[in-house]
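Derivation of every value follows stated rules applied to the coordinates shown; laboratory data play no part. A quick note: this is a predicted structure, and the numbers were derived from the prediction, not measured. So basically every Cβ, Gly included, is an ideal-geometry build from the backbone, and we count neighbours across all protein chains shown.
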């Protein structure tokens with residue numbers, strides 16, 4: 001998509017300051033004519049990009065504007081890359097995260113780009129068990145869409161001891177525990193936690209989610225899991 005390409009071009013210029021049209025076309029895998037059109041689009045959007053003439057010509061991002069964007073240091077790079085996209089579970093989400101990381105890596109200076117490749121070769125995340133996995137994450141992208149856009153979610157949920165039932169909930173957040181994903185939502189009966197693999201059908205409704213003020217997902221999850229441990233310990 002053009003928006004993705006413009007962002008990638010901007011990240012490249014932010015990292016390098018100036019680049020030739022050929023360098024940018026190779027990095028972005030487009031023609032130099034397309035690079036020229038993209039630079040014009042950035043300029044029209046208010047980004048101070050300047051054309052450089054001559055043998056060493058190309059494109060340059062205004063230094064004053066460039067320094068307003070914080071650079072990625074090695075510690076931040078390490079933290080980002082060690083949380084590999086494979087942990088997201090669903091193949092479509094993993095592919096999207098992988099594309100985002102490739103774009104980010106392409107925009108890094110050469111030294112950090114080589115360091116990034118080295119880091120990624122030293123971690124592999126296998127989210128399946130020895131006997132495979134029973135987690136069906138087909139509905140995860142739909143649930144994530146509802147969570148990210150604060151929209152009500154209509155779903156058919158199957159409990160282990162009951163028939164599938166239709167529900168409409170206010171999705172408040174997603175929690176990944178190991179390779180298992182949970183949806184934390186508010187219902188008419190209060191807060192509930194749903195295992196994503198048990199959602200058989202889901203649809204995002206064009207109705208705003210009613211989110212409690214000051215809701216803290218991490219604090220809620222810790223409290224609910226502490227309560228769960230307390231109940232199981234007393235049995």
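Using the 10 angstrom Cβ neighbour count as an exposure proxy, how do 148, 25 rank, fewest first?
Values: 148 11, 25 17.
Fewest-to-most ranking of 148, 25: 148, 25.
Inter-part distance, segment 144-215 to segment 1-46, computed on C-alpha centroids, equals 40 Å.
Is segment 2-66 best put as rounded, prolate or oblate by its Cα gyration tensor, with a ≥ b ≥ c the root eigenvalues, rounded for a/c under 1.5, and otherwise prolate when a/b is larger than b/c, oblate when not? Since a/c stays below 1.5, the shape of segment 2-66 is classed as rounded. In percent, rounded to a whole number, the relative contact order of segment 2-66 is 35, using alpha-carbon pairs under 8 Å and six or more apart. When each of 210, 200 is scored by the number of other beta-carbon atoms lying within 10 Å, the sequence from fewest to most is 210, 200.
Fully extended, how many nm does the chain gain between residue 50 and residue 163 (0.36 nm per residue separation, minus their Cα-Cα distance)?
Numbers: separation 113, 0.36 × 113 = 40.68 nm, distance 6.32 nm.
Gain in length upon complete extension: 34.4 nm.
With a 10 Å Cβ neighbour count serving as the proxy for reagent exposure, in which order, fewest first, do 119, 199 appear?
119, 199
When you restrict to C-alpha pairs under 8 Å that are six or more residues apart and normalise by the size of segment 140-229, the relative contact order lands at 31 percent.
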